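To start, the structure itself, in structure tokens.
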Amino acid sequence: MTDPRPRTALELVYRIQELADYIVPFAIRMTCELRVADLLTDGPRPVAQLAAATGTHPPTLCRVLRTLATKEIFVEVEPEVFGLTPAAQLFRGDHPLSLRDAYPMIPANFEAWAHFAHTVRTGEPVFPHVHGVPYYEHLATHPDDSARFDGIQGAGSRLELRATLRAYEWGRLASVVDVGGSNGAFLAGLLARYRRLRGVLFELPHVAKGAEAVLAAAGVADRCEVVAGDFFAGVPAGHDAYVLKRVLYDWDDADAGRLLRSVREAVRPDSRLLVLDPVVDPRPELAISKTYDLLSLTMLGGRARTEDEVVALCGEAGFAVTRVVQTAMFPLIEAAPR
């Protein structure tokens, strides 16, 4: 009988190569940047046509697509003719769960990650170490990077919206403030689903100015106010609910506490705080929240927290957690002022 151990070891080598590889991730991001999947919506096309439409070098684009075809992202239906696979369909801009904008090319991000060792050695975020300013300050002065970052947020919002629409009783609310709500994609989805609901998008000025187009495209601009400001200084007061969606984990405990206290000052006695954040599961299985934790630490100096840590943080800011609603993405933690 053949000893199975060499084969098992070889399989582990292939698995490690796949996990550690950066070539395929960059190839995916490049095809997203070029909108290749959108060009294949009506069926397979020769690579020469794709290259002409994207302004790229045909032989090189062919090599990129062939590499991705080995991962079942795109398929070469005949020599130098490519089509979509089920995975590649997700990179179409018109797909309801589109991931096309989730993986942009942002050189400043890649430059920061190249110095990841700084974070591991010091526990400090690497982005300001490399670029001299915190990440959000960089985005405020680099509109192209900011637009790509908004795309990442929008792609995440589509998934979170799908996960939370039926998990929480949004229809019982009259008004909701999306605090740090990016370009408004999540709030636009809520307002489109619940026609009696009114919204306030509260964001930094350079982000807020792009939200009006998103809200208008969703047909909800007449029910949503866009307010620019700094949430550490205060948020719009007197609304039914305040959403912090993937916001708390951007900050260390001190700043997260400042943010929660800012919201606490704005709420009514019957208002609700709704936190939708990556929550670390203490079990050893790899979960997306643990990946988000490293991302937040490296780029921002923040951290994903356990459920108990989020509850404690809310308590210190004057909120009492009333329930935790499990969703297909992250748990939705509801809290009331006390």
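The values are calculated or read from the model by the stated rules, or taken from the named source; none is laboratory data. Remember, predicted model here, so these are calculated numbers, not experimental data. Cβ: placed from backbone, ideal geometry, glycine included. Neighbour counts: every protein chain shown. When the accessible area is computed, the model is the full protein with side chains, heavy atoms only, and any ligands, DNA or RNA have been set aside. Shrake-Rupley method; radii C 1.70, N 1.55, O 1.52, S 1.80 Å.
The long axis of helix 5-20 is offset from the longest Cα principal axis of the chain by roughly 60 degrees.
A Cβ-based charge dipole, computed about the Cα centre of the chain with Lys and Arg at +1 and Asp and Glu at -1, lands at about 700 debye. If you take every DSSP beta bridge fully contained in segment 230-338, what fraction is antiparallel? Give it as a percent rounded to 5. Among the beta bridges of segment 230-338, antiparallel pairing accounts for roughly 60 percent.
Which sequence of 245, 290, 209 reflects their accessible areas, 1.4 Å probe, from the largest down?
209, 290, 245
What residue among 117, 241, 188 shows peak mean-square fluctuation when the chain is described by a Gaussian network model with Cα springs under 10 Å? Comparing 117, 241, 188 in the GNM, the peak value goes to 117.
The apolar share of the surface of the chain, taken as the fraction of accessible area on carbon and sulfur atoms (1.4 Å probe, ligands and nucleic acids excluded), comes to 56 percent.
Which whole-number percent is the relative contact order of segment 271-317 (Cα, under 8 Å, 6+ apart)?
Taking the mean separation of contacting Cα pairs over the length of segment 271-317, I get 35 percent.
Excluding ligands, DNA and RNA, the accessible surface per residue across segment 44-155 is 52 Å² with a 1.4 Å probe. For residue 166, the shell of other residues with beta-carbons less than 14 Å away shows a net charge of +1, using +1 for Lys and Arg and -1 for Asp and Glu. Considering only 325, 61, 200, and ranking their Cα positions along the charge dipole of the chain that arises from unit charges at the beta-carbon of Lys, Arg, Asp and Glu, the one farthest toward the positive end is 325. Only Cα pairs under 8 Å and 6+ residues apart enter the sum, and on that basis the relative contact order of segment 195-338 stands at 22 percent.
Across segment 72-79, coupling constants 3J(HN,Hα) worked out from phi with the 6.51/-1.76/1.60 Karplus curve, θ = phi - 60°, read 6, 10, 6, 9, 8, 6, 7, x Hz, and Gly and Pro carry x. Secondary structure note: in the chain, about 45% of the DSSP beta bridges are antiparallel. If you work out Cα Rg over 2.2 N^0.38 Å from the coordinates, which of (i) 1.87; (ii) 1.09; (iii) 1.00 do you get? Here Cα Rg over 2.2 N^0.38 Å agrees with entry (ii). For residue 204, the residues 5 or more places off, or on other chains, whose built amide H falls under 5 Å of its own are 229. About the centre of its Cα atoms, segment 1-88 shows a dipole size close to 180 debye [charges on the beta carbon of Lys, Arg (+1) and Asp, Glu (-1) only; nearest 20 debye].
Quick one: accessible area per residue over segment 182-338, 1.4 Å probe, rounded to a whole number of Å²?
Here the per-residue accessible area is 44 Å².
Take every pair of alpha-carbon atoms less than 8 Å apart whose residues are at least six positions apart; their mean separation over the length of the chain yields a relative contact order of 12 percent.
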